[in-house]
Amino acid sequence: MTEALLIAKAEGVTTLTINRPQVRNAVDTTTMVAMRAAIEACEDDGTRCIVITGAGGAFSSGADIAAAMSAGASADDVYQILSEAYGPTLRAIRACAWPVIAAVDGVAAGIGCDLALACDLRLVSERGRFSEIFVKVGLVPDGGGTYTLPRLIGLGRAMQLMFTGEMVDASTAVAWGLANQQLATDTFSADVQRYAAFIASQAPLALKNGKRLMLAAQHDTDFAEALHREAETQRQIFGSEDGFEGFQAFLEKRPPVWKGR
């Protein structure tokens with residue numbers, strides 16, 4: 001257990017809770033590295049299903065931009081973070097033998113959205129919502145969203161969300177196939193645990209081999225390449241004038257002024 005990531009185990013279910021409610025569970029390197037270690041530890045410890053969720057009424061508002069900017073992150077730093085911390089964690093979710101469920105209560109934005117998309121299933125509360133918000137700060141998806149999103153909801157809708165950064169509410173997410181099921185907010189945690197425990201009770205060989213075969217049939221070997229392309233593109237944007245402007249505007253809480261360079 002780490003302060004930023006809470007780990008609980010019951011009935012074959014391992015629940016990983018991002019525990020940074022003060023920043024609406026924005027994730028940093030420490031959180032993502034801890035998550036990867038926790039996922040990898042589930043391979044042989046009796047876990048049959050993993051739930052990823054957030055504390056305090058948010059799934060994850062994305063990357064901790066304010067912390068990265070205050071630390072003076074450069075374009076190369078961003079590339080390194082994506083390649084060595086965020087990307088490996090997202091790949092660990094796909095590579096995990098067991099089903100991984102994103103329990104989205106509240107906002108899942110930016111890389112928080114892509115984290116949910118990397119999971120095998122998404123359960124959403126009535127107040128849950130998704131956004132590929134990257135365009136609002138002048139960036140592209142960098143958590144595998146260019147790979148997962150069009151496979152879930154089709155290219156046209158994926159382009160729409162990438163180009164606009166609009167929020168998708170829970171009912172729309174289910175209708176589009178972005179989420180599997182909407183659950184009541186008041187009983188969300190308990191309902192998610194019951195759902196996960198039911199999956200965990202299924203035949204282990206069927207679970208792990210079914211996941212492996214399903215992903216292989218979707219050409220999942222290209223996921224790592226998608227992550228690499230995104231990280232490389234993000235490095236280029238982050239080092240640009242617009243990259244600096246996007247983050248400055250975010251920190252100063254003002255509309256950005258784009259120059260296209």
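Here, each number is a calculation from the coordinates, and none is a lab measurement. These figures come from a predicted structure and were not determined experimentally. Glycine also receives a Cβ, built like all others from the backbone with ideal geometry; neighbour counts cover every protein chain displayed.
Residues considered: 157, 94, 235. Largest GNM mean-square fluctuation over the chain, using C-alpha springs under 10 Å, is found at 157.
Panel note: the C-alpha atoms of the stretch 5-185, placed on their principal axes, show extents of 43, 39, 29 Å (largest first). Within a straight-line Cα-Cα reach of under 18 Å, residue 253 can be paired with the following lysines, leaving aside sequence neighbours fewer than 8 residues apart in one chain: 136.
Of the residues 215, 117, 205, which exhibits the maximal mean-square fluctuation in a Gaussian network model of the chain defined by a 10 Å Cα contact cut-off? The residue with the greatest mean-square fluctuation here is 205. Within a Cβ distance under 15 Å of residue 20, other residues only, what is the Lys/Arg minus Asp/Glu net charge? So the surrounding residues net to -3. Of all complete DSSP H helices in the chain, those with a Cα span along the helix axis of 15 Å or greater and a mean Kyte-Doolittle hydropathy of -0.5 or more are 29-41, 188-200, 204-217, 241-252.
Normalising the average separation of contacting C-alpha pairs (under 8 angstrom, six or more residues apart) by the number of residues puts the relative contact order of the chain at 20 percent. For the residues 93, 237, 133, a GNM of the chain with alpha-carbon springs under 10 Å puts the largest fluctuation on 237.
Just how large is the dipole of the stretch 5-185 about the Cα centre, in debye to the nearest 20, putting +1 at every Lys and Arg Cβ and -1 at every Asp and Glu Cβ? Present the calculation step by step, with values, prior to reporting the outcome.
Details: 13 positive and 18 negative charges, 79 e Å.
In debye, rounded to 20, the stretch 5-185 gives about 380.
Bridging of residue 208 to lysines at a Cα separation below 23 Å is possible for 9, once same-chain residues fewer than 8 apart are set aside.
Of all DSSP beta bridges confined to the chain, the antiparallel ones make up roughly 30%.
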